[in-house]
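Reading through the structure tokens given below for one structure.
All of the numbers you see were taken from the coordinates with simple rules; none came from a lab. On a predicted model such as this, the values are computed, not experimentally measured, just so you know. Cβ sites come from the backbone with ideal geometry, for glycine too, and all protein chains shown count toward neighbours.
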Amino acid sequence: MNLTLHVWRQKNPQAKGQMVTYPARDISPNMSFLEMLDIVNEELVLKGEEPIAFDHDCREGICGMCSLVINGIAHGHERGTTVCQLHMRHFKDGQEITIEPWRAKPFPVLRDLIVDRSALDRIMMAGGFISVNAGGAPDANALPVPKEHAELAMDAAACIGCGACVASCKNASAMLFMSAKIAQFAHLPQGQPERMDRVRKMVAAMDAEGFGNCTNQYECEAVCPKEISVRFIAEMNRDYWRAWL
Amino acid sequence: MITLDAHAPSGPLAEKWNRHRNEMKLVNPSNKRKFKILVVGTGLAGGSAAATLAELGYNVEAFCYQDSPRRAHSIAAQGGINAAKNYQNDGDSVYRLFYDTIKGGDFRARESNVYRLAQVSNAIIDHCAAQGVPFAREYGGLLDNRSFGGAQVSRTFYARGQTGQQLLLGAYASLIRQIGRGAVKMHSRSEMQELVLVDGVARGIVTRDLVTGKIESHVGDAVVLATGGYGNLYFLSTMAAGCNVTAAYRAYKKGAAFANPCYVQIHPTCIPITGDHQSKLTLMSESLRNDGRIWVPKKVGDKRAPNDIPEDERDYYLERKYPSYGNLAPRDISSRSAKEVCDEGRGVGEAGRGVYLDFADSIKRLGVETIKERYGNLFDMYFKITAENGYKIPMRIYPATHYTMGGLWVDYNLMSNVPGLHVIGEANFSDHGANRLGASALMQGLADGYFILPYTMGHWLATAKLPKVSTDRPEFKQAEAEVDGKVKRLLSLKGKRTVKSFHRDLGKIMWEYCGMGRNEAGLKKALELIPPLREEFWKNITVPGAGEDLNTELERAGRVADYFEFAELLVYDALERKESCGSHFREESQTSEGEAKRDDENYCHVSAWEFTGVGQRPNLHKEPLAFETVQLGQRSYK
């Protein structure tokens, strides 16, 4: 099939970007969206033009590197799917597709479709861990964890840190991302000692990075490739209030 | 001239590591912060090492090419991590884990290293549980286990189908905590381009900042490479797009021996190729083989739909050939068997390069809900890629390049023959011999990073007596100039072909002549084909853009350029090893039943190669493998 792409091009963080139109020809429905972009890029390179820069790595939906807004939706219109796992069979011949980077103030564009997401690392730095050093742990079975708690912790821990939740939120809130980590630890006995301290510090870090707050639109849950539930935001908010009591 | 001394401690196997730990020199707590350690790569091995070294008090600088240390390709490991906990009460022990691992590797690994790996495996599970890794649990709250290929006990710990992700995020959490404390300085989007030796000792690296293009020197008291494997040499593999051999290959060019490069694991349960556009192959965890049955039609060219083929016209060839291990036969054997039945014309799918992985019996026995709970994400992934429902019709699978057992040579202390250069995780050669068992990569990466390197590093720093050096030294300036020269040269070529087209051609040569089956004529053919293609690469590629920019095409060109030199090394190794062992199947060396036939008399050694010049045959050095405890046997999984 043949498609028309409208792609955000921006040379560097300081440059003014713009949408540029490219044709994508002879696209197979079995290709992934990124493989389609690979083909467009091959053509550009052969013409001596710079290829469209986009982030990607594992191409199997787990590393969280790929990050495109496709026709206005972070990771495209397929539910629970990263861009690298989005296949062209979900598009129609002749379709026009707009491709933009994650847009949020804390995510400056580095080039074209690549943004700087180091703000997410800095939120984690504030408390996204359990403070244990290697070497001192008791036997793993010394601390039983009820299966349903472990499963809930795993539901939250599935977050791949891509930042689609931020890109889709009108407030550019990182609360789904942050609450996923907070909830993972809150549901486990190992996470209890630092539970209240963690939520206070991480929320403060999120505010300092310039992310907004949640106003319950649930756009984040709708685009999350791992379908992380907004219930974790509610849980985080409860913990946050308790932390100040 | 290279000297290979494994420095394996003497004494009984089970005592070696304890004794070695007692004898190694220590660094005083207040002196640790005076040492700086450079860790390149932040996957399971690098991330855990950087975090743990910082916990101990060392100054650490860590580097990764991704935008965050949370994204290394360890994250894609699905199935699990082995440990000798014997929580299932099924007779497991440190010795059995050791024995299964060394047998699985077809007796081509060092006994002392593998035994130590099994010994520290239990501490890894304890530490990860303490970090809050949400391992799968039983209803009573204790940890659950599953079985994996090459073992008859259940010793694999897992977190749904995302074990690698959860373990990596555990290591990342520990690492980011140390970054926050200021104990680790993190350089993301930064790629190592050169190793720097001062007076023969590894003292630093040169990196390129992938955003600004800035070429920078970094100096330290030790360099740790945790840069993963070289599977992307084959173009199509299960690796992440960015995985590359550059750091390890640059170290090799500076004198580090490269060991057993021909040991490349071709993983049996990947999704078959659909066309030329394909940029990667996707693996599905081999844990699927616990409940899936592998088969092809008995008849050649049977084009019926799988569910229309009656039971008695199906060949469950792994169960037939290996009744005691069945569908859980080790990876090398499973992959080769799949290739055989496809070569016979019994392969399935459009191109005939595929076999069925069928869950119908398990669904009947356990119910679809149980299968969903165990493997739901893998079925979803399969559906996304193929648009086929694996619960209703059998999945199609075919082997793909996955993991590389070979790597830089290291001694018992995980140090290469270049003093100060340590190599951990997949980047070294040490523990998996000629074939890695499932759920052992995560174990090795974390063993190296959490529990081995932190000890041996202290010994190196306490004994090395290193002079202070700075990046003003001519060795650094020269390395920077070389990196700059390479960048400029790649940008100046302005030829007519893309880097990717060359990479694809190189991959085809490697897959055809140095893939699952290898023979002398084919390997010699590969050695004829690679040099002219490499020459054309250096004349005819085109890389647009500038060096001082974020330039993804330039990044790719640098990596592929190194693959073009490395490919020859791998083929030389495969040619020299005239036996079959593990993943390395020389067609000239097989039993009457078509199984791999080892030649212990002539090849019971590690082949460690020394660089002599581009396009020249490297020098071979042999480290004999002495087996003090295990009896070498023909591997049998029948």
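Give me B:212, B:163, B:42 ranked fewest to most by other Cβ atoms within 10 Å of their Cβ, as a rough exposure proxy.
So the ranking, lowest neighbour count to highest, is B:212, B:163, B:42.
Any idea which of B:275, B:452, B:105 is furthest toward the positive side of the dipole for chain B, if Lys and Arg beta-carbons carry +1 and Asp and Glu beta-carbons -1?
B:452
Which is farthest toward the positive dipole end of segment A:118-244 among A:141, A:224, A:203, measuring Cα position about the Cα centre, with Cβ charges +1 (Lys, Arg) and -1 (Asp, Glu)?
Projecting each Cα onto the dipole axis, the largest value belongs to A:203.
Starting from the amide H of residue A:53, placed 1.01 Å from N in the peptide plane, find each other amide H under 5 Å away whose residue is 5 or more places distant or on another chain.
Close amide H contacts, sequence-distant or interchain: A:113.
Using amide H atoms built 1.01 Å from N in the peptide plane, name the residues 5+ places from residue B:155, or on other chains, whose amide H lies under 5 Å from its own.
Under 5 Å from the amide H of residue B:155 lie the amide H atoms of B:146, B:148, each far enough along the sequence or on another chain.
Give me B:7, B:621 ranked fewest to most by other Cβ atoms within 10 Å of their Cβ, as a rough exposure proxy.
With the sparsest Cβ surroundings first, the list reads B:7, B:621.
Mind checking the dipole of chain B: about its Cα centre, +1 per Lys or Arg Cβ, -1 per Asp or Glu Cβ, Debye to the nearest 20?
980 debye
Filter the cross-link list B:254/B:477; A:181/B:36; B:303/B:339; B:214/B:496 down to pairs whose alpha-carbon distance in this structure exceeds 24 Å.
A:181/B:36; B:214/B:496
Compute the helix-to-body angle for B:163-181: its Cα long axis versus the longest principal axis of chain B, expressed 0 to 90° and rounded to tens.
The two axes meet at around 20 degrees.
If contacts are Cα pairs under 8 angstrom and at least 6 residues apart, what is the relative contact order of segment B:583-623 in percent?
Rounded, it is 27 percent for segment B:583-623.
Once phi is turned into θ = phi - 60°, what whole-Hz ³J(HN,Hα) does the Karplus curve with 6.51, -1.76 and 1.60 give for every residue of segment B:584-595, x standing for Gly and Pro?
Rounded to whole hertz, the list is 8, 9, 8, 4, 6, 10, 9, 6, 4, 8, x, 8.
For chain B, what is the percent of antiparallel DSSP beta bridges, rounded to the nearest 5?
Roughly 70 percent of the beta bridges in chain B run antiparallel, per DSSP.
Are there any trypsin sites (Lys or Arg not before Pro) in segment B:452-540 that are in a DSSP loop and have at most 15 other Cβ atoms within 10 Å? List them by number.
Sites meeting the loop and neighbour criteria: B:465, B:468, B:494, B:496.
What is the distance in Å between the Cα centres of segment B:479-532 and segment B:8-30?
43 Å
Looking at segment B:595-638, which GluC sites (Glu not before Pro) are in a loop (DSSP not H, G, I, E or B) and have at most 16 other Cβ atoms within 10 Å?
In loop regions of segment B:595-638 (DSSP not H, G, I, E or B), the sparsely surrounded GluC sites (Glu not before Pro) are B:628.
So which chymotrypsin sites (Phe, Trp or Tyr not before Pro) in segment B:70-172 end up in coil per DSSP with only 11 or fewer other C-beta atoms within 10 Å?
Those satisfying the criteria are B:139.
Average partner chain C-beta neighbours within 10 Å, per residue of A:149-156?
Mean shielding count: 5.
Take every Cα pair under 8 Å in segment B:102-171 that's 6+ residues apart, average their separations, divide by the length, and report that relative contact order as a whole percent.
About 24 percent, as a whole number.
Taking H placed 1.01 Å from N in the peptide plane, check which residues at least 5 places from residue B:185 or on another chain put their amide H under 5 Å from its amide H.
The answer is B:60, B:61, B:62.
Quick one: 3J(HN,Hα) in Hz for segment B:278-287, Karplus 6.51/-1.76/1.60 with θ = phi - 60°, rounded, Gly and Pro as x.
Those phi angles translate into 5, 9, 7, 10, 10, 8, 10, 3, 6, 4 Hz.
Tabulate in residue order the Karplus-calculated ³J(HN,Hα) for segment B:469-480, using 6.51 cos²θ - 1.76 cosθ + 1.60 with θ = phi - 60°, rounded to whole Hz; enter x for Gly and Pro.
10, 10, 6, 6, 4, x, 4, 6, 4, 5, 4, 4
Roughly how big is the protein assembly as shown's charge dipole about its Cα centre, with Cβ charges of +1 (Lys, Arg) and -1 (Asp, Glu), in debye to the nearest 20?
1200 debye
Evaluate the relative contact order of chain B (contact order divided by residue number), counting alpha-carbon pairs under 8 angstrom at least 6 apart; express in whole percent.
20 percent
May I ask for the equivalent-ellipsoid semi-axes of segment B:268-400, computed as the square root of five times each C-alpha gyration tensor eigenvalue and listed largest first in whole Å?
So the three semi-axes of segment B:268-400 are 20, 18, 15 Å.
Calculate how many DSSP beta bridges within the protein assembly as shown are antiparallel, expressed in % of all such bridges and rounded to the nearest 5.
Around 70 percent of the beta bridges assigned by DSSP in the protein assembly as shown are antiparallel ones.
Would you mind ranking A:118, B:93, B:440 by Cβ crowding within 10 Å, fewest neighbours first?
Result, fewest neighbours first: B:93, A:118, B:440.
With each pseudo-label sitting 7 Å past Cα toward Cβ, what's the residue B:372-residue B:481 distance in nm, one decimal?
6.6 nm
Would you work out if the protein assembly as shown is rounded, prolate or oblate? Take a ≥ b ≥ c from the square roots of the eigenvalues of the alpha-carbon gyration tensor; rounded if a/c is under 1.5, else prolate when a/b is larger than b/c, oblate otherwise.
Rounded, because the longest to shortest axis ratio a/c is under 1.5.
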